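**Q** Here you go, one structure.
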């Protein structure tokens, strides 16, 4: 299977839609790249301080959001997901039930036409975890999260057939609300920050080489951080990080495998538990939504793009 089914479905939906729409404001959702041919998909999340289910899948193949089907992994926030470029599917694992607090341990895949829940043994119910697709080795990599009442520090891989526990003995330790992205140039999964069981938020940078985790010491870093998001900018060969913390930071950082660099440029307002993904066709990192600390609090529904040097907010599409 290739990425083509997803992209054809996006194109068909865009052609048949009567007019553009905009996703509802939300936080704790997913934004996933749909591979080298471009586009992103948005799913899940919840609204404001009064949880409300958001189930519709959204496509963005250019600068226009289009509503898709509401089947699939319904009624959840804080899932983890990524796009499998080898098999051409969006993979979603776990999350928390909006309003119910139920923790999920299911594995779902979407090929651009339909959702399929994979009948496989999974790592079990969890949320607050992170996932990235290791393109060099053709596997999803999941780390950490909340299991039961405790944070965990385990590493799992999914190859499309089975989940397998990987070596986590020298890894970052139990974490939640961390962020991960796959560095295609160096063939490493990059992990940054997160909440620990006790003590301050993590300010560590870790890399997964397909077999083990290694902590990377850098001269500068974004500092102790959680609830942030990252995406790999393939056009410029860097991982981009934005937001998080206590929802007051507007810092944009990039990581090239050696150094974290802060970009002092105007950009999105402060936010937490937003989402970011790379649109390969437009060579932009796309950011959507997130939580906003009060007053006034609530959720954001704005879309921004990072072109490697500056942020641009994309306005609502004309009616």
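**Q** Within segment 30-51, is there a residue that is farther than 23 Å from residue 291 by Cβ, within 19 Å of the chain's Cα centre (by Cα), modelled with pLDDT of 90 or more and assigned to a strand (DSSP E or B)?
**A** Looking through segment 30-51, none of the residues is farther than 23 Å from residue 291 by Cβ, within 19 Å of the chain's Cα centre (by Cα), modelled with pLDDT of 90 or more and assigned to a strand (DSSP E or B).
**Q** Tell me, yes or no, whether segment 128-149 has at least one residue that is part of a loop (DSSP other than H, G, I, E, B), at pLDDT 95 or above, buried (at least 23 other Cβ atoms within 10 Å of the Cβ) and at positive phi.
**A** Keep residues of segment 128-149 that are part of a loop (DSSP other than H, G, I, E, B), which gives 128-129, 135-138, 148-149.
Now restrict to residues that are at pLDDT 95 or above: 128-129, 135-138.
Remaining after also requiring buried (at least 23 other Cβ atoms within 10 Å of the Cβ): 128-129.
Add one more test, that the residue is at positive phi, and what stays is 128.
Yes: one or more hits.
**Q** Just to check your reading of the model, which residue among 253, 272 is crowded, with 19+ Cβ neighbours inside 10 Å, closer than 23 Å to residue 47 by Cβ and in contact (Cβ under 8 Å) with a residue 24 or more places away in the chain?
**A** Details: 253 fails: closer than 23 Å to residue 47 by Cβ.
Answer to the selection: 272.
**Q** A further question on this structure: When you scan segment 67-85, do you find a residue that is closer than 25 Å to residue 226 by Cβ, touching a helix residue (DSSP H, G or I) at 6+ places or on another chain (Cβ under 9 Å), surrounded by 15 or more Cβ atoms within 10 Å (Cβ to Cβ) and touching a residue at least 40 places away in the same chain (Cβ under 8 Å), even just one?
**A** Pass one, segment 67-85, residues closer than 25 Å to residue 226 by Cβ: 73, 75-83.
If we keep only those that are touching a helix residue (DSSP H, G or I) at 6+ places or on another chain (Cβ under 9 Å) as well, we get 83.
Filter once more, so that each one left must be surrounded by 15 or more Cβ atoms within 10 Å (Cβ to Cβ): 83.
Next cut, touching a residue at least 40 places away in the same chain (Cβ under 8 Å) only: 83.
Looking through segment 67-85, at least one residue is closer than 25 Å to residue 226 by Cβ, touching a helix residue (DSSP H, G or I) at 6+ places or on another chain (Cβ under 9 Å), surrounded by 15 or more Cβ atoms within 10 Å (Cβ to Cβ) and touching a residue at least 40 places away in the same chain (Cβ under 8 Å).
**Q** Taking only segment 258-269 into account, find how many residues are loosely packed, with under 15 Cβ neighbours inside 10 Å and either modelled with pLDDT under 95 or not in a strand (DSSP E or B) (or both). Can you show your working first?
**A** As a first pass, look at segment 258-269 and keep what is loosely packed, with under 15 Cβ neighbours inside 10 Å: 258-259, 261-262, 264-266, 269.
Filter once more, keeping what is either modelled with pLDDT under 95 or not in a strand (DSSP E or B) (or both): 258-259, 264-266, 269.
Total meeting the criteria: 6.
**Q** What number goes with the only condition from (1) modelled with pLDDT of 95 or more; (2) part of a loop (DSSP other than H, G, I, E, B) that residue 170 does not pass?
**A** Failed condition: (1).
**Q** For segment 196-210, which residues satisfy the criterion of being touching a strand residue (DSSP E or B) at 6+ places or on another chain (Cβ under 8 Å), in a loop (DSSP other than H, G, I, E, B) and either modelled with pLDDT of 95 or more or buried (at least 17 other Cβ atoms within 10 Å of the Cβ) (or both)? Before the answer, list the steps.
**A** So the first thing to find is which residues in segment 196-210 are touching a strand residue (DSSP E or B) at 6+ places or on another chain (Cβ under 8 Å), and the list is 196-197, 201-202, 204-210.
Filter once more, keeping what is in a loop (DSSP other than H, G, I, E, B): 196-197, 201-202, 204, 209-210.
Scanning segment 196-210 gives 196, 201, 202, 204, 209, 210.
**Q** Residues in segment 160-172 that are within 20 Å of residue 94 (Cα to Cα) and in contact with a strand residue (DSSP E or B) (Cβ under 9 Å, 6 or more places away or on another chain): how many? Steps first, please.
**A** Quick first cut of segment 160-172, residues within 20 Å of residue 94 (Cα to Cα) only: 160-166, 168.
Now narrow it down to the ones that are in contact with a strand residue (DSSP E or B) (Cβ under 9 Å, 6 or more places away or on another chain): 160, 163-166, 168.
Of the residues in that region, 6 qualify.
**Q** Being modelled with pLDDT of 95 or more and outside any loop (DSSP other than H, G, I, E, B) is the requirement here; does residue 236 meet it? Don't jump to the end; show me each part of the working.
**A** Details: modelled with pLDDT of 95 or more: yes; outside any loop (DSSP other than H, G, I, E, B): no.
It is false that residue 236 is modelled with pLDDT of 95 or more and outside any loop (DSSP other than H, G, I, E, B).
**Q** Could I ask something else about it? Could you please find all residues in segment 86-101 being modelled with pLDDT of 90 or more and either surrounded by 18 or more Cβ atoms within 10 Å (Cβ to Cβ) or under 21 Å from residue 289 (Cα atoms) (or both)?
**A** Pass one, segment 86-101, residues modelled with pLDDT of 90 or more: 86-98.
Across segment 86-101, the qualifying residues are 88, 89, 90, 91, 92, 93, 94, 95, 96, 97, 98.
**Q** Which ones in segment 112-127 are buried (at least 16 other Cβ atoms within 10 Å of the Cβ) and touching a helix residue (DSSP H, G or I) at 6+ places or on another chain (Cβ under 9 Å)?
**A** 112
**Q** Is there a residue in segment 281-291 that is touching a residue at least 12 places away in the same chain (Cβ under 8 Å), out of contact with any strand residue (DSSP E or B) (no Cβ under 7 Å at 6 or more places or on another chain), under 21 Å from residue 81 (Cα atoms) and in a loop (DSSP other than H, G, I, E, B)?
**A** Checked against the condition, which is being touching a residue at least 12 places away in the same chain (Cβ under 8 Å), out of contact with any strand residue (DSSP E or B) (no Cβ under 7 Å at 6 or more places or on another chain), under 21 Å from residue 81 (Cα atoms) and in a loop (DSSP other than H, G, I, E, B), segment 281-291 yields at least one hit.
**Q** Residues to consider are 66, 96; find the one that is outside any loop (DSSP other than H, G, I, E, B) and more than 27 Å from residue 139 (Cβ to Cβ). Spell out the reasoning first.
**A** Values: 96 fails: more than 27 Å from residue 139 (Cβ to Cβ).
Going through 66, 96 in turn, just one is outside any loop (DSSP other than H, G, I, E, B) and more than 27 Å from residue 139 (Cβ to Cβ): 66.
The values are calculated or read from the model by the stated rules, or taken from the named source; none is laboratory data. Keep in mind that what you see is a predicted model, and the values were worked out from it rather than measured. Note that each Cβ is placed from the backbone with ideal geometry, even for glycine, and that neighbours are counted across all protein chains shown.
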